[in-house]
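So the structure is just underneath, and the comments pick up after that.
The values are calculated or read from the model by the stated rules, or taken from the named source; none is laboratory data. Everything numeric here is computed off the predicted structure, so don't read it as measured data. Here the Cβ positions follow ideal geometry from the backbone for every residue, glycine too, while neighbour counts run over all protein chains shown. Heads up: the accessible areas ignore ligands, DNA and RNA and are worked out on the full protein's heavy atoms, side chains in. Shrake-Rupley method; radii C 1.70, N 1.55, O 1.52, S 1.80 Å.
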Amino acid sequence: MRNVGFITFILAAFMFVSIPFFHILSYTQSVASSSDKVAYDLPYPGILPDNPLYYIKIVRDRVLEFATRDHVKKAQLYLLLSDKRISTAQELAKKGKTKMAITALQKGEKYFLKIPPLIRTSKEQGVNPPEEFKLKLALSNQKHAEVIAIMRRELPQGELNSLKQAEDINKQIRDDLKTL
């Protein structure tokens, strides 16, 4: 019985000493990594536009868009669809399908452009979106800008004019998010 108490005391002392150390270690790692890239993970894109079954995905997205009536939930849906399009653009760019990648990038930004008016309408009706969602919107917008910048460096020079439209929409969204 005495050994159980001693072992419990040793384990408690070890946890008391080690937990603050691991917390400090994890904090310094996250600070170091956040300076390089935006700490926002894009969702898995799923089926890409070069797949013959992609049209099923488009129909599903349109049905979800039509069926979602709550403004905050629709804004969350648009954020998901926007993030998936940006992720799709990344995958297509990796495959060398430049035109499809730029089209997906532009569609992703256009989905995101629909979010601020929905949030304004929701606020007018007395329903404020959660603060976590507003933070997620800002992080997502920054991630989209990062992806656009990466694509600007990696895509052929002839496609840079097409990226300009996506950049302009991204800046417009950033300005709209500041007013929310």
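Points worth noting:
- Output for the range 98-115, where each listed residue is among the small types (Gly, Ala, Ser) and either open to solvent by 70 Å² or more (accessible area, probe 1.4 Å) or at positive phi (or both): none
Listed here are the residues, each with its yes/no results for (1) under 22 Å from Thr68 (Cα atoms); (2) surrounded by 14 or more Cβ atoms within 10 Å (Cβ to Cβ); (3) not charged (D, E, K, R).
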{"site": "Pro117", "(1), (2), (3)": "yes, no, yes"}
{"site": "Ser122", "(1), (2), (3)": "yes, yes, yes"}
{"site": "Gly126", "(1), (2), (3)": "yes, no, yes"}
{"site": "Glu131", "(1), (2), (3)": "yes, no, no"}
{"site": "Lys136", "(1), (2), (3)": "yes, yes, no"}
{"site": "His144", "(1), (2), (3)": "no, yes, yes"}
{"site": "Leu163", "(1), (2), (3)": "no, yes, yes"}
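- Qualifying residue in the range 22-29 (condition: open to solvent by less than 60 Å² (accessible area, probe 1.4 Å), modelled with pLDDT under 95 and farther than 29 Å from Thr179 by Cβ): yes
- Selection count where residues are touching a residue at least 40 places away in the same chain (Cβ under 8 Å), surrounded by 14 or more Cβ atoms within 10 Å (Cβ to Cβ) and assigned to a helix (DSSP H, G or I), scope the range 146-157: 4
- Filtered residues of the range 165-180 (kept if at pLDDT 90 or above and open to solvent by less than 20 Å² (accessible area, probe 1.4 Å)): Ile169, Asn170, Ile173
- Boolean, Val38 is more than 23 Å from Ser162 (Cα to Cα), in contact (Cβ under 8 Å) with a residue 60 or more places away in the chain, surrounded by 13 or more Cβ atoms within 10 Å (Cβ to Cβ) and out of contact with any Cys (no Cβ under 7 Å at 6 or more places or on another chain): yes
- Pairs where the first residue, in the range 64-80, is in contact (Cβ under 8 Å) with a residue 24 or more places away in the chain and the second is open to solvent by 30 Å² or more (accessible area, probe 1.4 Å) and of a type in the set (Lys, Arg), C-beta under 6 Å, 6+ apart: Tyr78/Lys114
- Number of the condition not met by Asn161 [criteria: (1) modelled with pLDDT of 90 or more; (2) in a helix (DSSP H, G or I)]: (1)
- Residue match in the range 41-52 (condition: modelled with pLDDT of 90 or more and in a helix (DSSP H, G or I)): no
- Considering Gly108, Gly96, the condition of being of a type in the set (Gly, Ala, Ser) and over 14 Å from Gln76 (Cα atoms) is satisfied by Gly96 alone.
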